[in-house]
Amino acid sequence: MKKKVLVLTGGGDCPGLNAVIRGIVKRADQTEDWEVIGSIQSFDGVLNEPTELIELNEKLVAGIHYQGGTILGTTTKGGPLAWPVKENDGTWSFIDRSEEMIRKLKHMGVEAVISIGGDGSQRISQTLFEKGLNIIGVPKTIDNDLSSTDYTFGYQTAVQIATEAVDRLVTTAASHNRVIILEVMGRDAGWIALSSAIAGGAEICLIPEIPYDLNSILSVINKRFKDGKGHVIIVVAEGAKPLDGDALSQESDEVGNENLKLGGVASKLLKDLKAAGCNADMRETVLGHLQRGGVPIAFDRILATQFGVNAMELALEGTFGKMVAYQHPSIVAVPFLEAISKYNFVKPDSSLVHTARGIGMCLGD
Ligand code: F6P
């Protein structure tokens, strides 16, 4: 009987997930004695009755490396540690089904699990590892906010999409003499915003790591507009905050989703600038999930494939409790504990920030 490795994708989707799955399956297929099973919608496929599991073979994964999304589906809700249960009074409670799941996986003959996910997924993996599950992590997120890896796949694709948005907004802003504010994703990290602002040549970029002062923004706009003519592109990260305030967020009303929903900063900024006396025409664009969908660029396909192959090789050698990571020029394995120990913020003294300042970009301070 072949040994089984279970693969799943958790958290928000991200371009490159399918390339990881394909890498795992192709590497496993080179062995005589391993087969790959996919769990539908993260761990739900294992926990649901009946289970939702599919056999992943070379035929099934052929050509999926350039497809966006994930053929396994994913979810940001629930999971083995906080499974939602509806009570008789209509309220929801959350139960820990991890022990039950680990027993189930053992009973099914699963020898290794590869969990592809972001920060939250790696934390769940550490807990499951401590409870005895043979688990390996693969980091994914467009936000690039995981430490221990130089890049997560999906991030460069998101930067490419955001840069194309800046390029398009520049021509319309210039034609109409407008200020256009582009809000991009990234949670509490400003990687997508700062990278696309540099690549697209934005005049102003606001990131969570550098709280902004409205007066600095206003003075750049005023300098750029002479006799009512000029244009300004502002790229703002969804998590950006003013000097005297917090990032805009709302509690999620989705059952089991504990993540705060960020968003609305572009609209707030536009209103605040108006109230502060900015009389230029202003518009806002919220790029949203366009940054997460569609085909991954080549860099992300390559990184994702490297992660898939190397994660499968960790399973072959029996190394668990680790996450694959890119530390140029190598793919390495780092303990989950190290991977989740800190968040990967844009450092205000980093080369990217230095470069932005070097080309005269206003970072709001
Ligand atoms: O973490 C990836 C991400 O796209 C963030 O940049 C964004 O804040 C969040 O997910 C959006 O989540 P959802 O898809 O649940 O709205």
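The values are calculated or read from the model by the stated rules, or taken from the named source; none is laboratory data. Nothing here was measured: the structure is a model prediction, and the numbers come from that model. Cβ sites come from the backbone with ideal geometry, for glycine too, and all protein chains shown count toward neighbours. Protein only, heavy atoms only, side chains kept; ligands, DNA and RNA dropped before computing areas. Shrake-Rupley method; radii C 1.70, N 1.55, O 1.52, S 1.80 Å.
Scanning the range 164-207 for residues that are within 16 Å of the ligand (Cβ to nearest atom) and free of Cβ contacts under 8 Å to residues at least 40 places away in the same chain yields a count of 1.
Would you check which residues across the range 155-191 are within 23 Å of Asn344 (Cα to Cα) and in contact with a Cys (Cβ under 9 Å, 6 or more places away or on another chain) and list them? Those that are within 23 Å of Asn344 (Cα to Cα) and in contact with a Cys (Cβ under 9 Å, 6 or more places away or on another chain): Tyr155, Thr157, Ala158, Gly190.
Among Gly230, Gly245, which is more than 16 Å from the ligand (Cβ to nearest atom), modelled with pLDDT under 95 and not hydrophobic (A, V, I, L, M, F, W, C)?
The unique qualifying residue is Gly245.
Search the range 113-127 for residues being more than 16 Å from the ligand (Cβ to nearest atom) and surrounded by fewer than 24 Cβ atoms within 10 Å (Cβ to Cβ), and hand back the single one that is farthest from the chain's Cα centre (by Cα). This residue is Thr127. Can you find, within the range 267-293, the residue that is nearest to His328 (Cα to Cα) among those that are within 21 Å of the chain's Cα centre (by Cα) and open to solvent by 40 Å² or more (accessible area, probe 1.4 Å)? Going through the qualifying residues, I end up with Arg292. When you go through (1) out of contact with any strand residue (DSSP E or B) (no Cβ under 6 Å at 6 or more places or on another chain); (2) open to solvent by less than 60 Å² (accessible area, probe 1.4 Å) one by one for Glu317, which number turns out not to apply? Here Glu317 clears every test but (2).
Test Thr319 against the criterion of being among the polar types (S, T, N, Q) and not in a loop (DSSP other than H, G, I, E, B), and give yes or no. So Thr319 fails the test.
Out of everything in the range 82-112 that is open to solvent by less than 50 Å² (accessible area, probe 1.4 Å) and among the basic types (Lys, Arg), what residue ends up being nearest to the chain's Cα centre (by Cα)? By that ranking, first place goes to Arg97.
Among the residues of this structure, Ala247 counts as one that is in contact with a helix residue (DSSP H, G or I) (Cβ under 8 Å, 6 or more places away or on another chain) and either without any contact (Cβ under 8 Å) to a residue 12 or more places away in the chain or assigned by TED's automatic domain parsing to the domain that holds Tyr212 (or both).
Checking each residue in the range 257-266 for being open to solvent by 20 Å² or more (accessible area, probe 1.4 Å) and more than 8 Å from the ligand (Cβ to nearest atom) picks out Glu258, Leu260, Gly264. Being open to solvent by less than 20 Å² (accessible area, probe 1.4 Å), assigned to a strand (DSSP E or B) and over 29 Å from Asp13 (Cα atoms) is a condition met by at least one residue of the range 213-233. In the condition set (1) away from the ligand (no atom under 16 Å from the Cβ); (2) open to solvent by 10 Å² or more (accessible area, probe 1.4 Å), Lys140 is compliant with all but (1). Against the conditions (1) within 16 Å of the ligand (Cβ to nearest atom); (2) outside any strand (DSSP E or B); (3) at pLDDT 95 or above, Leu303 satisfies every one except (1). Just checking, which of Ala162, Ala174, Ala193 is of a type in the set (A, V, I, L, M) and either closer than 20 Å to Ser330 by Cα or open to solvent by 10 Å² or more (accessible area, probe 1.4 Å) (or both)? Going through Ala162, Ala174, Ala193 in turn, the sole match is Ala174.
Any residue at all in the range 251-266 that's assigned to a helix (DSSP H, G or I) and either in contact with a Ser or Thr (Cβ under 8 Å, 6 or more places away or on another chain) or in contact (Cβ under 8 Å) with a residue 60 or more places away in the chain (or both)?
Going residue by residue through the range 251-266, those that are assigned to a helix (DSSP H, G or I) are 265-266.
Now restrict to residues that are either in contact with a Ser or Thr (Cβ under 8 Å, 6 or more places away or on another chain) or in contact (Cβ under 8 Å) with a residue 60 or more places away in the chain (or both): 265-266.
Scanning the range 251-266, I find at least one residue that is assigned to a helix (DSSP H, G or I) and either in contact with a Ser or Thr (Cβ under 8 Å, 6 or more places away or on another chain) or in contact (Cβ under 8 Å) with a residue 60 or more places away in the chain (or both), so the answer is yes.
Take the conditions closer than 30 Å to Gln156 by Cβ and free of Cβ contacts under 8 Å to residues at least 60 places away in the same chain and apply them to Asp44. Does it pass? Considered against the rule, which asks whether it is closer than 30 Å to Gln156 by Cβ and free of Cβ contacts under 8 Å to residues at least 60 places away in the same chain, Asp44 comes out as yes.
Of all residue pairs spaced 6 or more apart or on separate chains, those with beta-carbon atoms under 7 Å, a first member in the range 105-121 that is in contact (Cβ under 8 Å) with a residue 60 or more places away in the chain and farther than 16 Å from Gly23 by Cα and a second member that is open to solvent by less than 40 Å² (accessible area, probe 1.4 Å) and among the acidic types (Asp, Glu) are Asp119/Asp145.
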